[in-house]
Amino acid sequence: MARYLSKVAAALSMASLATASCQLGNQLSVSDPPPETKSELCVPQGEGSWTFAMDVNEIDVPTFNSGAQWAGDVRGNSFFIYDNACVLKGVYGPGNEGNDCGTPYVIEENFLPYVLTITSIDFDVGSPRFKFSYANGAYSIGENHCGCSDVSSGLEAEEACKCAFPLHGEPS
């Protein structure tokens, strides 16, 4: 029995290590940022209603090199958490942290009473999507007044997605 329990404990510890590798860290370097002005990312709301947002972008610059036709293609994606006044609280970029291991991504912060878990993502600039769970609620683009907007300009294709969530969870 002891041998079985030690194997189970070892397996559980390995599983927790695998999950921890998809933990996203806050990359916000400004201590007191101004409120977000892009309504495509955040709209001020009532007390306790925060916003989870995503920005995906792609810029394609012609290289005129048939051997490296995608050399001028640069893509990026980031997640943001805003408070009810649209003040940025967190910036997260899976590709920037070297842990782009796929979903689920987990965000744990002192300013969030619960863990935010991104359960599904599509970073396609043409039709980005995300789903996340927080406290006792599940949120996704296309539901709960969550949506994406095209904010492209010039050579850059860009989409901004946002979804409000109650900081202290859904009412029971």
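Read-outs throughout are calculated quantities, based only on the coordinates presented, and are distinct from any laboratory measurement. Being a predicted model, the structure only gives us computed values, none of them experimental. A quick note on method: Cβ atoms are made from the backbone with ideal geometry, for glycine too, and the neighbour counts reach across all protein chains shown.
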**Asked** Residues with beta-carbon under 9 Å from that of ASP150, excluding ASP150: net charge, scoring Lys, Arg +1 and Asp, Glu -1?
**Response** -3
**Message:** Can you give me the long-range amide H partners of SER152? Hydrogens built in the peptide plane at 1.01 Å from N, cutoff under 5 Å, separation of 5 or more residues or another chain.
**Reply:** GLU158
**Complete:** Listed by chain and number, the residues whose amide H is under 5 Å from that of TRP50, excluding neighbours fewer than 5 places away on the same chain and using placed H, are PHE165, LEU167
**Request:** Could you calculate the contour length gain from PHE64 to VAL115, that is, 0.36 nm times the residue separation minus the distance between their Cα atoms, to one decimal place in nm?
**Result:** 13.7 nm
